[in-house]
Amino acid sequence: MKKIYGYIDQNLNRFIDELFVLLRQPSISARWEGVVECSQLLTGMMEKIGIKPSILPMGGKRNPPLVYGEILNPEARRTLLIYGHFDVQPPEPLEAWDSPPFQPTIRDGRIFCRGSADNKGQFFAHFKAIESVLKINGQLPINVKFLLDPEEEVGSPSLNEFCRAHKALFAADMALNSDGPMDPSGRPRLSFGNRGVLYVEVKARGANQDLHSGNFGGPIPNPAWRVVEFLSSLRRPDGTVAIEGFYDNIVPPTAKEREMMAQMPFDEKKFMAKYGLQKFAPPDDLSYMEKLMFRPTLNIAGFTSGYGGPGSKTVLPCLATLKMDMRLVVNQDPEDIFQKFRKHGEKHGFEDLDVTMVHYYYPSRTSVDHPMAPKFVEAIRQGFQKEPVQVPAGGGSFPGAAIRNILNIPILSVPYGNADENNHAPNENMAIDCFQNGIRTTAALFFQLAG
């Protein structure tokens with residue numbers, strides 16, 4: 001590994017320059033800006049390294065371009081599938097950026113640009129690991145395949161069906177995802193799963209236009225109150241979700257998972273002071289970590305109605321819109337939970353509300369006792385020179401279930417982004433040392449998995 005790490009160190013500036021080319025290309029899936037162009041740019045970069053790329057149309061109205069790549073060694077015993085996504089979040093609000101969002105800029109040892117950490121910089125580290133091993137050894141010790149998703153930031157709506165139709169193409173022994181931030185302690189993370197998510201929108205309608213609250217208030221129904229009444233039916237006083245069957249089939253953490261949670265660095269007082277909190281949300285008998293990893297949530301993501309600007313406006317609104325996300329845990333099916341959500345509304349007299357499912361991800365989990373896990377741990381130690389924090393499941397969501405449940409490939413996550421990467425926010429950034437150590441980790445993982 002010494003020669004490979006030497007090559008990485010010697011070529012790091014060039015690697016960063018090449019990453020800048022990718023970062024300058026917008027690929028905003030929410031408004032379908034530059035996604036196709038970015039897929040074409042990627043295939044050229046992959047070919048130059050020695051990865052055989054293909055653009056695979058996923059079908060449907062937009063026919064999104066999934067980027068597949070492979071580099072095979074006929075003598076290899078194992079195959080690693082690497083998941084990443086090349087679409088990015090919209091950069092707004094533009095005025096909150098200290099430098100233009102698609103002009104990569106280095107400040108204080110960090111690369112500032114939309115997509116730098118989420119997720120172009122992280123999967124580009126895998127590209128450069130492959131280049132480094134090939135330049136020193138001539139071939140990889142394992143087979144490597146890439147699945148680069150063009151729609152992750154909008155819920156990967158095409159991925160499940162595409163994976164069902166292409167199981168043989170993506171076949172592998174293990175899968176790796178590098179996305180999101182490392183541990184706030186500064187140590188790298190190894191995560192064995194993630195929560196799923198169900199995102200819904202609820203609309204209540206009143207009159208066919210906004211009205212004067214004095215001239216019409218009283219006899220005319222206010223849709224905002226209708227949504228408030230609906231919300232009050234969803235939650236019990238103890239903080240639990242009142243939807244019938246919401247908690248069915250949920251499993252508590254195992255003894256090994258509880259041990260992992262206990263070893264995770266977490267200073268409750270500092271955490272609460274940082275975010276200005278006086279207490280955590282109920283139930284009080286569960287730890288912060290257990291709530292984050294093993295309990296589902298019902299979150300109000302947004303509620304808009306009437307006037308919210310400066311000063312006053314005595315308006316009786318004609319529309320109220322509620323947006324909610326539900327983070328789901330293993331054994332919860334988002335489509336089933338959506339039906340239970342709808343039935344709850346109908347049962348409690350809210351048939352008049354318009355309820356729409358926006359997108360969803362299934363939860364995913366790989367056993368913490370998986371025999372390949374120690375190889376990931378050792379690769380992280382070599383790459384970052386630190387002991388990784390092992391996490392039973394991340395609180396966030398990504399389409400890991402497409403790989404774990406549909407392709408039937410165990411998947412582990414090793415984020416390379418710094419803890420304060422500002423993903424989905426202005427001034428998104430990736431620390432250069434995280435990028436460099438990520439390349440080292442991926443290179444080490446190839447050899448660990450070959451053993």
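The values are calculated or read from the model by the stated rules, or taken from the named source; none is laboratory data. As the structure is a prediction and not an experimental result, all values here were calculated from the model. In this analysis, Cβ positions are derived from the backbone assuming ideal geometry, glycine residues included, and neighbour counts consider all displayed protein chains.
For this structure, a couple of remarks:
- Taking first residues from the range 21-49 that are assigned to a loop (DSSP other than H, G, I, E, B) and partners that are modelled with pLDDT of 95 or more and acidic (Asp, Glu), the Cβ contacts under 9 Å between residues at least 6 apart in sequence or on separate chains come to Gln25/Glu37; Pro26/Glu33; Pro26/Glu37; Ser27/Glu33; Ser27/Glu37; Ser27/Asp87.
- Residue under evaluation Gln278, criteria (1) farther than 30 Å from Ala262 by Cβ; (2) part of a loop (DSSP other than H, G, I, E, B); (3) without any contact (Cβ under 8 Å) to a residue 40 or more places away in the chain, criterion not met: (1)
- When the residues of the range 319-341 are filtered to those that are more than 13 Å from Thr356 (Cα to Cα), of a type outside the set (A, V, I, L, M) and not in a helix (DSSP H, G or I), the one that is nearest to the chain's Cα centre (by Cα) is Arg327.
- Among the candidates Val315, Val329, residue that is of a type in the set (Val, Ile, Thr), over 22 Å from Phe192 (Cβ atoms) and not assigned by TED's automatic domain parsing to the domain that holds Val391: Val315
- Residue that is surrounded by the fewest Cβ atoms within 10 Å (Cβ to Cβ) [pool: residues in the range 132-144 that are over 23 Å from Ile411 (Cα atoms) and not aliphatic (A, V, I, L, M)]: Gly138
- Selection within the range 64-115: residues that are among the hydroxyl-bearing types (Ser, Thr, Tyr) and surrounded by fewer than 23 Cβ atoms within 10 Å (Cβ to Cβ). The member of this set that is nearest to the chain's Cα centre (by Cα) is Tyr68.
- Residue list for the range 342-376, filter: part of a loop (DSSP other than H, G, I, E, B), touching a residue at least 24 places away in the same chain (Cβ under 8 Å), outside the structural domain of Leu190 (by TED's automatic domain parsing) and of a type in the set (Asp, Glu): Asp352
- Where a residue in the range 155-167 is of a type in the set (Lys, Arg) and its partner, wherever it lies, is part of a helix (DSSP H, G or I), with Cβ under 6 Å and at least six apart: Arg164/Ile406
- Only one of Ala393, Ala425, Ala450, Ala373 that is of a type in the set (A, V, I, L, M) and touching a Gly at 6+ places or on another chain (Cβ under 9 Å): Ala393
- For the range 1-17, a tally of residues being touching a residue at least 60 places away in the same chain (Cβ under 8 Å) and in a helix (DSSP H, G or I) returns 9.
- Residue match in the range 259-269 (condition: touching a residue at least 40 places away in the same chain (Cβ under 8 Å), within 27 Å of Glu152 (Cβ to Cβ) and assigned by TED's automatic domain parsing to the domain that holds Val355): no
- Tally, over the range 51-75, of residues that are closer than 22 Å to Lys128 by Cα and in a strand (DSSP E or B): 10
- Candidate set: the range 420-443, residues that are of a type in the set (Asp, Glu) and part of a loop (DSSP other than H, G, I, E, B); chosen: the one surrounded by the fewest Cβ atoms within 10 Å (Cβ to Cβ): Asp420
- The condition of being modelled with pLDDT of 95 or more, over 18 Å from Tyr416 (Cβ atoms) and charged (D, E, K, R) does not hold for Glu18.
- Options Leu159, Leu211, Leu147; residue that is among the hydrophobic types (A, V, I, L, M, F, W, C), in the same structural domain as Gln339 (by TED's automatic domain parsing) and surrounded by 17 or more Cβ atoms within 10 Å (Cβ to Cβ): Leu211
- Of all residues making up the range 214-257, the number that are part of a loop (DSSP other than H, G, I, E, B) and small (Gly, Ala, Ser): 5
- Qualifying residue in the range 288-297 (condition: crowded, with 16+ Cβ neighbours inside 10 Å and touching a Gly at 6+ places or on another chain (Cβ under 6 Å)): yes
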